[in-house]
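Any read-out appearing in this document is the output of simple, stated calculations on the displayed coordinates, not a laboratory observation. Quick caveat, the model's predicted, so the values are computed rather than measured. Cβ sites come from the backbone with ideal geometry, for glycine too, and all protein chains shown count toward neighbours.
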Amino acid sequence: MSRDQWTAVDTYIEDTLGGQDAALKEAHELAQREGLPEIQLTPNQGRFLKLLAEVQGSVRILEIGTLGGYSTIWLARALPENGHLVTIELEPRHARVAGANIERAGLSGKVEIRVGRAVEVLEAMANEGGEPFDFIFIDADKASYPAYLDLSLRLSRPGTLIVADNVIRNGGVARADTGDENVNGARGLFERLSGNSRLSSAAVQTVGSKGWDGFTISRVLS
Ligand code: DHB
Ligand code: MG
């Protein structure tokens, strides 16, 4: 199987189940023009995350890693009128692009972008002791995934769903010897999920126009 075939199926899925509307298309285009890395979700992955957030009945969503706000828009669209999404981004330039994209999508009233090191922002949020989140999407630097899981647990309640992107890494996750910090971050996440009695977890491998990757999905039990 080749990337071309996976991409053809992604196109088929978008043509049948729906792709992206103007706001999402423009969000991608602005991110491209501004030279942001082209690593945003595919439209079908965005649709999948939105669906999960809806099934969860999410009112409060946390996103770790905003980039240009493409996934932020998908997730914020799962929220009810009184819903709120906090998204954390390290790069001020990315956050500015995301802010413009979220504004254009009409979601500024629901979305708060916090600029800074995610570990520090998350620690501050956990220490503030605010309302827990219903849905957490981890999608920032892969090396910090174990830390992001620990901090996410501090911001969760029983029933919170925690989804982490890019945990398969072109199959690299099954290899202990790659020396790749991204793979090691994903493996560190799996290690923490493994045998964690507070979590019920599964992983889904995906192929598509972004290649071979996948998500972990964890439900907080206690
Ligand atoms: C990378 C990061 C992502 O969040 C993603 O979805 C794909 C690739 C990366 O850093 O390579
Ligand atoms: Mg990602």
Quiz prompt | Leading residue at positive end of dipole, the chain (Cβ point charges), from Val167, Ala105, Ser156 | solution = Ser156
Quiz prompt | For the chain, alpha-carbon Rg over 2.2 N^0.38 Å | solution = 0.97
Quiz item: Pick from Val207, Val55, Val183: which residue has the top mean-square fluctuation in a GNM of the chain where Cα pairs under 10 Å get a spring?
Solution: Val55
Quiz item: How would you rank 100-113, 74-87, highest first, on the average number of other Cβ atoms within 10 Å across their residues?
Solution: 74-87, 100-113
Practice problem: Out of all DSSP beta bridges with both ends in the chain, state the antiparallel percent to the nearest 5. | Solution: 40
Quiz item: Using a cut-off of 24 Å between alpha-carbon atoms, which lysines can reach Lys210, once sequence neighbours fewer than 8 places away in the same chain are excluded?
Solution: Lys25, Lys50, Lys142
Self-check item: Dipole magnitude (debye, nearest 20) for the range 91-150, charges at Cβ of Lys, Arg, Asp, Glu
Solution: 380
